[in-house]
1. Filter segment 13-37 down to the residues that are without any contact (Cβ under 8 Å) to a residue 12 or more places away in the chain and farther than 23 Å from ALA110 by Cβ, then identify the one that is surrounded by the most Cβ atoms within 10 Å (Cβ to Cβ).
2. Would you check which residues across segment 35-93 are basic (Lys, Arg), closer than 30 Å to GLY140 by Cα and not in a strand (DSSP E or B) and list them?
3. What strands (runs of 3 or more DSSP E), lying completely within segment 137-233, carry at least 1 residues that are without any contact (Cβ under 8 Å) to a residue 60 or more places away in the chain and surrounded by 14 or more Cβ atoms within 10 Å (Cβ to Cβ)?
4. Quick one: how many residues across segment 219-233 are of a type outside the set (S, T, N, Q) and within 15 Å of ASN109 (Cα to Cα)?
5. Please go through (1) touching a helix residue (DSSP H, G or I) at 6+ places or on another chain (Cβ under 8 Å); (2) modelled with pLDDT of 95 or more; (3) crowded, with 19+ Cβ neighbours inside 10 Å for THR40 and return the number of the only condition it doesn't satisfy.
6. Would you mind stating whether ASP16 is under 30 Å from GLN249 (Cα atoms), of a type outside the set (A, V, I, L, M, F, W, C) and over 18 Å from the mean Cα position of the chain (by Cα)?
7. Among the residues of segment 1-34, what is the count of those that are within 22 Å of ARG66 (Cβ to Cβ) and in a helix (DSSP H, G or I)?
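The values are calculated or read from the model by the stated rules, or taken from the named source; none is laboratory data. Note that this is a predicted model, so its numbers are computed, not measured. No Cβ is skipped: glycine too gets one built from the backbone with ideal geometry, and neighbour counts run over all protein chains shown.
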Amino acid sequence: MSALTDALRYVRSRTDFVPQAAIVLGSGLGGFAEKVDVLTALDYADIPGFPRSTVAGHAGRFLFGRLHGVPVVLMQGRVHYYEGYSMQEVVMPIRLMRLLGAEILFLTNAAGGINRSFHAGDLMCITGHIASFVPSPLIGPNDDTLGVRFPDMSHIYDVQLSECIRQTAAALDIPLQNGVYVQTTGPQYETPEEIRMYALLGADAVGMSTACEAVAAVHAGMRVCGISCICNMAAGISPVPLTHEEVQQTADRTAPLFRALVENAVPRMVNP
């Protein structure tokens, strides 16, 4: 807890801003900051003991400001388990945003499509996840100030928040899929055999983030929702080798719709 306490102390020395919602910006959403009236920006590298984002396209900073009047904190780039951090370090930003006051966590990511009815460029509202292939962020001594030792995970993705996403998509005429997300460690993409296994388990999309963040958030008492941008069809479904460049290109192409959906959904969640 000491590293988290030090991080909280540093952020509070820079701003007394209290966010109501926290938004994790995945690939292609870095430009979402343009929608926010930013009051304070803090680089991860300046926060004592804080993990730094090393992935291309992830800026690595917190932005504090207002989105249509709603006080929000944005993670402009996340950290991943495959970067070499412990799972506790990976979810440290989530816990910090909770301690700063955020009650809602809106997760976004780029994902590979497993459901064969999906197409590259689709947006998917996350209705559930499978996190059994990565370590739990709750392993180790429990911090009772964050949450209970054995938290219930029956409804990780808040039904009302997810319905707000669907209603917003309908109002904006944005096509929206619904599905289950499975997190893997990465950084390698999955094999066709692994994708067939995930499909049998009920997964619709796969990625290397998000589920662990959702677990940590629910443990800490946050309401969680999420959207995946299906940036490519997974191995064995896609006829071409998978590349990060393809993921980034699709994310960038879909970004305007993605940004519009998040921008308009958040105020609806806070003021239903």
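1. Applying the filter and picking the extreme gives ASP16.
2. Within segment 35-93, the first condition is being basic (Lys, Arg), and the residues that meet it are 35, 52, 61, 66, 78.
Checking which are closer than 30 Å to GLY140 by Cα leaves us with 52, 61, 78.
ARG52, ARG78, listed by residue number.
3. Fully inside segment 137-233 and qualifying: 177-183.
4. Qualifying residue count, segment 219-233: 8.
5. (3)
6. no
7. Here the count works out to 10.
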